[in-house]
Each structure stands twice: as structure tokens, then as C-alpha cells.
Amino acid sequence: MVKTREEKNEYQRQYRQNNKEKIAEKRREYRQNNKEQIAEYTREYYQNNKEQITERAKEYNQNNKEKLAEYKREYDQNNKEKVAEYHKIYGLTPAGKKVNMMADWRRSGVNNVNEEMYNHYIATTHCECCLKEFSSSYDRCLDHDHETGEFRWVICRSCNTKDYWKKITR
């Protein structure tokens, strides 16, 4: 008896539907027996397809912003203790602060954010424009050109809200 492609597809779909547990058990068994081979294949695949994977992830994130934001809100709401513990461990450490700050600069449009720029920012104790001493880290701002994204200097919050200082050359 010759079956059409549609009949074969329907038969296979029905078989999978009726034998879900049996198929799942075979998959688990295969994964258990071939862990090293699967891990090697996965490493090679990711190594050979980094750009495509990154591009697909960016595209997915761009197309699903609301869905991902909702998922994050739900997760944070349902896992308050876990989130608080994570922030306690990673959010307040010097390394965590550094990573967050550099990420914020990138999101703000600063080009070429690097460790040297961060170290200069942290080491600066006075406004590079008015020479006022910073009273807190809140008072210190990383100034950059909003058109080109180039870093200019570290200034106080007061100078950052005014533009008279742009006439001053370094």
C-alpha cells in the first residue's frame, strides 16, 4: 500500500503522540550514554556559529521586549528572596558595581568604554572643569559628546547640567 506524504506525516505524528513517554525515555538514555559527544558537538556548534547565534538572540530580544520585560517582572515578583540574595552577592561588590557602571555608560551611548576609562573615573577626585571636590560618587559624572559618543572628561553634576564649561579647553 503506497502512502502519500500527508498520510506518512499523520502516521508519524500519531505515533509520537501515542508513545511520548517511550520516546522521552530513549532520549534521556541516549543523552546519558553520550554526554561527552553531545558536549563536544555543542561546543563546536557554538564556536562555528557565534555570529548567527548572537544575531538571532538580538533579533529575538528586539522583537520580544514586552514579553521579556513581563517575564522578568514575574520572575522578580515570584523570587524576591533569590533576587535579593543575587543583588547582595553581585550587585554590591566592587566588580559588580564596575560592570553595572560600564554597562550604563554603553547604554547611554559612550563609545569605547574600557577599563582605563573606568579607572580614570574612579581615581578622579575633583571636577575636571570647575575643580570642585566631589562630595560623593553621586556628584561625579562621566561627560561625553552625545553626537559622537566620545568621552570628554569627568565633571561634577552641577557642570554636567550647564554648558558654559564647553568653552573651556583642557
Can you find, within segment 89-133, the residue that is surrounded by the fewest Cβ atoms within 10 Å (Cβ to Cβ) among those that are touching a His at 6+ places or on another chain (Cβ under 9 Å) and in a helix (DSSP H, G or I)? 96
Counted residues in segment 144-158 being outside any strand (DSSP E or B) and closer than 19 Å to residue 104 by Cβ come to 6
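Computed from the coordinates by the stated procedures, all read-outs in this text should not be read as laboratory data. Note that the structure is a prediction, hence the values are computed from the model and not measured. Don't worry about glycine lacking a Cβ; one is built from the backbone with ideal geometry, like all the others, and counts go over all protein chains shown.
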